[in-house]
Amino acid sequence: MLNKNDETSNKKISLIDTHCHLEMSPFDPDREAVIQRARDAGLEAMITIGSDLKGNVGGVALAQKDDFIYAAVGFHPHDAKDFTEDIFNQIKAWTSPVQEVGKRKVVAIGEIGLDYHYDHSPREIQRKIFMQQLLYAKEIDLPVIIHSREADKDTLKIVRESRVRKGVFHCFSGDMQMAEYVMAMGFFISIAGPVTFRKSLKLQEIAKRIPDEYLLIETDAPYLTPEPFRGKRNEPSYVVHTAKVIADLRGITLEDVARITTLNAKRLFGIGLLPEKGEVAYKIRDSLYLNITNRCTNRCSFCIKFQSDYVKGHKLTLVNEPDKEELKQSIGDPSKYEEVVFCGYGEPMLRLDLIKRIASWIKQKNGKVRINTNGQGNLIHKRNILPELKGIVDRISISLDAHDQETYNRICRPADKDAFNAILEFIKEAKHYIPEVTVTVVDIEGVDIGKCRKIAEDLGVGIRIRKHDVVG
């Protein structure tokens, strides 16, 4: 099932197993060895999750002992019948006073929720204890880790009523409709080992479609062991195998999945440090992208930069625009990439002189060059700039994004209201100077994809349709 992900298997990666049960008895014989194997496999951290009083005590002790380990405390629905006021007070003691983000060792309330499959606790009690723990998490502003099995309707109802909007649905097993509902409420979705099973087609489709900013990864060790170890005891180091399959499903590399999910875990649980600076050169799959400006001539309603500072786990908000020497240093050897792409959180053609200098240097170093642009370069510079790109640009992707000027102005909000017609001329002219020209369209409501395809066909260029919630 794996392809290019194998190429990253020997590279340094950084993963966080967001859900395991290290304190459980299956790890008693070799717990320290399990922890060391997790470090050796590239894990940056792991969160051991409490489910009953004994498990919470053990998990907190492990977290206090090892900087590599964090804990969550809570009562699983199986054990809700045993929940008492004394136990609740102990959970409060573990989680208050709340420490500064980045220094906490107890980072969440969980595992909490509903389980109607086994019904080890009466359902009425499960619902009561679930709500009680949700409200406490909201009070102290900690994320929740939610377990839901054959109880989706009641789980969603209680979460909605609690007004909790920070947490994760662990070991997700619902359908895409539930996933979309959960994400709309602000929750992450965590994928575990079953995604590696050959017959887990529904889960594989969900793992493929979840937007980057909602994706987490876990083992649930010692349970739910992924292939190729299915049938054996699971352990945190095996999260790498789950990550490889997710990467393959999403058409990205293991390195990409590790970066995305580790960033998400840090943001949700307050673990470790987040990037302070925006990146000027960032790698996705086998291509290197250059983020040379955050300025743009459009304010597109669908643009990711108005929703997040990150793309595929890379921070792209710049404090200062890079100069030629900084870019060269960040690129290194351009020939080792499939292509080097001028594409970041702004319109690269605003820095045309820099593009020409860097693109010429890349070509001298046997690299390939692509520009992703909104097609307004001629408008920006008030001349035909395309002859200046001949011989130094191999491919250009031009954002069409609408089938007519009215629609373009509504969704892209260009500074120049005649931009759409200028873009059409830019596309037509680009064919004379750049070997490969493609237009891209974001598939959002109000855009006639059929008409966009016809425009591309009439102009004699290729077309690529982008999903609204997929970037990079």
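Sorted from largest to smallest, which semi-axis lengths in Å does the alpha carbon gyration tensor of region 315-413 give for its equivalent ellipsoid, taking the root of 5 times each eigenvalue?
Details: eigenvalues 129, 49, 34 Å².
Computed over region 315-413, the values are 25, 16, 13 Å.
Helix 254-269 and the longest principal axis of the C-alpha atoms of the chain enclose an angle of approximately 60°.
Which residues among region 336-374 fall inside the zone where the amide N is under 13 Å from a point 7 Å beyond the Cα of R383, along Cα→Cβ? Under cut-off, by backbone N: 352-353.
Which pairs, out of K199/K451; K417/K451; K305/K467; K356/K451, put more than 27 Å between their alpha-carbon atoms? Over 27 Å Cα-Cα: K199/K451; K356/K451. Amide H contacts of D52 (H built 1.01 Å from N, in plane; Pro and chain starts excluded): H76 sit under 5 Å, all sequence-distant by 5 or more or on other chains. With a Förster radius of 51 Å applied to the C-beta separation of D323 and I125, the computed FRET efficiency comes to 0.20. The C-alpha atoms of the chain occupy a region whose extents along the principal axes are 75, 44, 43 Å, arranged from largest to smallest. When the Cα atoms of region 156-207 are aligned to their principal axes, the ranges along those axes come out at 37, 17, 14 Å in descending order.
Taking label points 7 Å from Cα along the Cα-to-Cβ direction, D86 and K336 give a separation of 6.0 nm.
Using only alpha carbon pairs under 8 Å that are at least six residues apart, calculate the relative contact order of the chain and give it in whole percent. Display every interim value, and only then the final one.
On the way: 931 pairs, mean separation 52.2, N = 472.
Contact order relative to length: 11 percent.
Computed on region 69-208, with alpha-carbon pairs under 8 angstrom and 6+ residues apart, the relative contact order is 21 percent. If the chain linking K467 and Q307 were pulled fully straight, counting 0.36 nm for each residue of separation and taking away their Cα-Cα distance, it would gain 56.0 nm. Within region 279-356, the GluC sites (Glu not before Pro) that combine a DSSP coil assignment with at most 13 other C-beta atoms in a 10 angstrom radius are E338. Against the longest alpha carbon principal axis of the chain, how many degrees, from 0 to 90 and to the nearest 10, is the axis of helix 352-364 turned? Approximately 80 degrees, to the nearest ten.
Could you list the trypsin sites (Lys or Arg not before Pro) in region 268-356 that lie in coil according to DSSP, counting only those with at most 11 other Cβ atoms within 10 Å of their Cβ?
K277
Of all aspartates and glutamates in the structure, the ones whose alpha carbon falls short of 16 Å from that of K92, not counting any fewer than 8 places away in one chain, are D52, E111, E139, D141. How many percent of the accessible area of the chain is carbon or sulfur, using a 1.4 Å probe? Of all accessible area on the chain, carbon and sulfur atoms account for 47 percent. Between helix 123-140 and the chain there is an angle of about 60 degrees, using the helix long axis and the longest principal axis of the Cα atoms. For region 231-322, the equivalent ellipsoid built from the Cα gyration tensor has semi-axes of 29, 15, 12 Å, listed from largest to smallest.
Of the peptides 391-401, 233-243, the ranking by mean beta-carbon count within 10 Å, highest at the top, reads 233-243, 391-401. Beta bridges per DSSP, both residues in region 271-393: antiparallel share near 50 percent. Distant-in-sequence amide contacts of V393, defined by a placed amide H-H separation under 5 Å and a gap of 5 or more residues or a different chain, comprise nothing.
Keeping all protein chains in place, calculate the accessible area per residue for region 242-361 (probe 1.4 angstrom), answer in Å².
Working: 4520 Å² over 120 residues.
Per-residue value: 38 Å².
The values are calculated or read from the model by the stated rules, or taken from the named source; none is laboratory data. Keep in mind that what you see is a predicted model, and the values were worked out from it rather than measured. Quick reminder, even Gly has a Cβ in these numbers, built from the backbone with ideal geometry, and neighbours come from all protein chains shown. Surface accessibility is based on the protein's heavy atoms, side chains included, excluding ligands, DNA and RNA. Shrake-Rupley method; radii C 1.70, N 1.55, O 1.52, S 1.80 Å.
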